[in-house]
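Visitor: Encoded as structure tokens, here's the structure I'll be asking about.
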Amino acid sequence: MPPSSSPDYRLAVTTFALAIFGLVMISSVSVYQSYNSFGTNDFYFWRTFWHLVLALPIWFIVSQIPYRFFQKIAPLFFFLTILLLIAVFLPNLGANYGTSQSWLSVNFLPSIQPAEIAKLALILYMAAWIEKHHAKITTLEDGFLPFCVIMGIIVILLGLQPDFGSILAAGITATAIFFVAGGRITHILSGATLAVMLLIPIVMSKTYLKNRFLAFIDPTADPLNIGYQIKQALIAVGKGGWFGVGFGKSVQKFGYLPEVQGDTIFSAIAEEFGFLRIILLIAAFSYIAYRGLSIAKKTPDIFGKLTAVGITVSLVGQAFINIAVNLSLLPITGITLPFISYGGSSLIISFIAVGILINISRNGNILYDPINANNSNRRRNRRPHRSPARYY
């Protein structure tokens, strides 16, 4: 077995602390919704508790698996994820929630949101593909166009649901991986421009998407209709002031904040804890970004480096998109706050992603040949794989 170093315990502790904080906040902000929907004020708390009980051992197991294993299974994982994304449209399998056909629901089994799985599958497949074709990543034919095809498959399937929040998160993550790998900035900017041009007519053709942008431009224009969610979110944030109204004392959670246990949980937290305390939550995600990118910088092989970058950008990027939406800095996307918002698929996949990142921190900074790792006579000072130039 190759040598290893200590895992990043600080990352693990920060992640666990966020999950526990999320469980506590679910117990507070979801009381009204739980009682109205299920006749008990702790439904969402216990569901989240059992999600966490399931996620923690999976997290530990994944953190023990050498991260190179995920490179081997990345193509199969990506293919199976595509099948799951297609399955949401099949009768008796797919289930809608709100405006999206985004769930798989089978009798006697928990519901699954394949979009959450797709984010991780895309990271692993992109990292594995780029390591194999890294020498050609700057070219149009063998670099940028294949990247667009891989990304396009996920975007099309998510767009059909439609789930534009997940498209935004996946697009940012994949672009970050491609950029760090050495992809040309001109290709990225050209692709982004084309994507925006294609999305504009789609957004304008969907009434609810058009309304989201109108509400973003002027939340006060129709505060009882299209601007209701963002208006109530801003009221909650403003009411919290510097020090908050106190834990459990939110008023906005009593039917005023839509999806208070999901998309708008940040606003309810801001109302109860206030600006000075909510900074700690933002600092926690910033610290995850710092630890994740530090792990990526120390990792000599391309797959490990790009996987670490992708996981970090995915988790932290999604968190800041959610926060920006609640502060009316971005249009409503439907993106949840990782480790905090209610949702089993999101919580479990997030822990799996961090488990992979922790294993990279344990083994990624050791310079060894993964193909011949069982050769105990191999020198430890072996030259590392060529790393993406932008990291150095």
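The numbers here are math on the coordinates, done by the rules we state, and not lab data. Values in this document were obtained by computation on a predicted structure and should not be read as measured data. All Cβ positions, glycine included, derive from the backbone under ideal geometry; neighbour counts span all protein chains shown.
Visitor: If you fit an axis through the alpha-carbon atoms of helix 275-298 and take the longest principal axis of the Cα set of the chain, what angle between them do you get, 0 to 90°, nearest 10?
Guide: It is inclined by approximately 10 degrees.
Visitor: Just the C-alpha atoms of the chain: what Rg/Rh do they give, with Rh taken as the Kirkwood radius?
Guide: My calculation of the ratio gives 0.97.
Visitor: So how long is each side of the stretch 105-198 along the principal axes, counting just the alpha-carbon atoms, biggest first, in Å?
Guide: 49, 31, 18
Visitor: Taking every pair of alpha-carbon atoms in the stretch 289-339, give the share separated by more than 13 Å as a whole percent.
Guide: 58
Visitor: Compute the length gained on full extension between Trp242 and Asp218: take 0.36 nm times their separation in residues and subtract their Cα-Cα distance, giving the result in nm to one decimal.
Guide: 6.1 nm
Visitor: Another question about this same structure. Note down the nm distance, to one decimal, between modelled labels 7 Å out along Cα→Cβ at Lys206 and at Phe38.
Guide: For Lys206 paired with Phe38, the spin-label model returns 2.8 nm.
Visitor: Once the Cβ-Cβ distance between Arg277 and Glu141 is put in as r, and R0 is 56 Å, what FRET efficiency do you end up with, to the nearest 0.05?
Guide: E(calc), rounded to 0.05, equals 0.60.
Visitor: Right, here's the next one. Sorted by mean Cβ packing within 10 Å, highest first, what order do the peptides 307-316, 205-214 take?
Guide: 307-316, 205-214
Visitor: Rounded to the nearest 20 debye, what is the charge dipole size of the stretch 9-391 about its Cα centre when +1 sits on each Lys and Arg Cβ and -1 on each Asp and Glu Cβ?
Guide: That gives the stretch 9-391 a dipole magnitude of about 1480 debye.
Visitor: Same structure, new question: Expressed as a fraction of 2.2 N^0.38 Å, the rule-of-thumb size for a compact globular protein of N residues, what is the C-alpha radius of gyration of the stretch 173-259?
Guide: That ratio works out to 1.59.
Visitor: Same structure, new question: Please name whichever of Leu198, Thr14, Phe216 sits farthest to the positive end of the charge dipole of the stretch 9-391, dipole taken about the Cα centre and charges placed at Cβ: Lys and Arg +1, Asp and Glu -1.
Guide: Thr14
Visitor: A follow-up question, please. Sequence gap at least 6, Cα distance under 8 Å: using those rules, report the relative contact order of the chain to the nearest whole percent.
Guide: With pairs under 8 Å counted, the relative contact order is 27 percent.
Visitor: Using only helices, what value at 222 nm comes out for the chain when you add -39,500 (n - 2.57) per DSSP H run of length 4 or more and divide by the total residues, to the nearest 500 deg cm²/dmol?
Guide: Helix-only estimate at 222 nm: -21000 deg cm²/dmol.
Visitor: Oh, and also: If packing is taken as the average number of other Cβ atoms within 10 Å across a peptide's residues, how do 143-156, 349-362 rank, most packed first?
Guide: 349-362, 143-156
Visitor: Report the dimensions of the stretch 175-329 along its three principal axes from the alpha-carbon atoms, largest first, rounded to Å.
Guide: Rounded to whole Å, the extents work out to 50, 39, 20 Å.
Visitor: Residue farthest toward the positive end of the dipole of the stretch 9-391, with Cβ of Lys/Arg at +1 and Asp/Glu at -1: which of Leu140, Leu83, Gly171?
Guide: Leu140
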